[in-house]
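Written out below as structure tokens is the structure these notes cover.
The values are calculated or read from the model by the stated rules, or taken from the named source; none is laboratory data. Worth saying up front: this structure is predicted, and the values here are computed from it rather than measured. Backbone-built Cβ (ideal geometry, glycine too); neighbour counts: all protein chains shown.
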């Protein structure tokens, strides 16, 4: 089975812009979770989508949003970028999120200037 | 919500020695505990996991033990090799957040 893929792998944006990241889960997986990874804060949960519905949400501002399509592919969007949004954004897929094994994608490294 | 603590934050061992990383969790309902290894510039990779109906699980040089009463679980790596050098994360399920991850342990295996 192909693994989790994410595009793009690298992005450079300026403050105030918006960005859209994409994640394609492992075939058959319906749950996609998004995490932000920074050196100081570790892995922070953003949100989870399951069968096109947001099922769980972490403690991030409303500038961070996401969606999931019928083929389970997911996108996350960050509007009005801030310098502090610079991070590695990882998505993880699983058969059912929650208490099942999550498999991570390679991540998108976002740099906000 | 769930809180996961992980110790130590850094660990240096000589090649061939053993390494132990410990995590504690707060939610007594948690029942699945994965460990991930993240090498520099790469994605976190699942290396072993354990469910609450067993106390120990082994996979070659790697083992995980679980103490549900004390709410802690540990990763054991024996006969460490330079390629074991990485950051290791533990995780525990959290209601409303899927998983909460520990802050990570940077393991350095010295030749």
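Within the stretch B:23-41, being more than 14 Å from chain A (Cβ to nearest Cβ) and either buried (at least 17 other Cβ atoms within 10 Å of the Cβ) or touching a residue at least 60 places away in the same chain (Cβ under 8 Å) (or both) holds for one residue alone: B:24. For the stretch B:12-41, a residue qualifies if it is over 20 Å from residue B:59 (Cβ atoms), over 13 Å from the mean Cα position of the chain (by Cα) and in a strand (DSSP E or B), and the qualifying residues are B:12, B:14. If you scan the stretch A:28-48, which residues turn out to be at pLDDT below 95 and more than 11 Å from every other protein chain (Cβ to nearest Cβ)? Scanning the stretch A:28-48 gives A:28, A:29, A:30, A:38. Scanning the stretch B:68-111 for residues that are within 30 Å of residue A:55 (Cα to Cα), away from chain A (no Cβ under 14 Å), in a strand (DSSP E or B) and more than 13 Å from the chain's Cα centre (by Cα) returns no hits. Filter the stretch A:27-74 for residues that are over 19 Å from residue A:86 (Cα atoms) and without any contact (Cβ under 8 Å) to a residue 24 or more places away in the chain and give the result. Listed by number, the residues that qualify are A:51, A:52, A:53, A:54, A:57, A:67, A:69, A:70, A:71.
Regarding residue B:6, is this residue under 26 Å from residue A:106 (Cα atoms) and touching a strand residue (DSSP E or B) at 6+ places or on another chain (Cβ under 6 Å)? Yes, satisfied.
The residue that is farthest from residue A:92 (Cα to Cα), counting only those in the stretch B:42-60 that are at the interface with another protein chain (Cβ under 9 Å from one of its Cβ atoms) and assigned to a loop (DSSP other than H, G, I, E, B), is B:42. Does residue B:63 fit the bill of being more than 14 Å from every other protein chain (Cβ to nearest Cβ), in a loop (DSSP other than H, G, I, E, B) and more than 13 Å from residue B:12 (Cα to Cα)? Considered against the rule, which asks whether it is more than 14 Å from every other protein chain (Cβ to nearest Cβ), in a loop (DSSP other than H, G, I, E, B) and more than 13 Å from residue B:12 (Cα to Cα), residue B:63 comes out as no. Filtering the stretch A:90-113 to residues that are more than 11 Å from residue A:26 (Cβ to Cβ) and modelled with pLDDT under 95 leaves A:96, A:97, A:98, A:99, A:100.
Could you run through the stretch A:20-41 and say how many residues are buried (at least 18 other Cβ atoms within 10 Å of the Cβ) and either assigned to a strand (DSSP E or B) or touching a helix residue (DSSP H, G or I) at 6+ places or on another chain (Cβ under 7 Å) (or both)? Qualifying residue count, the stretch A:20-41: 10.
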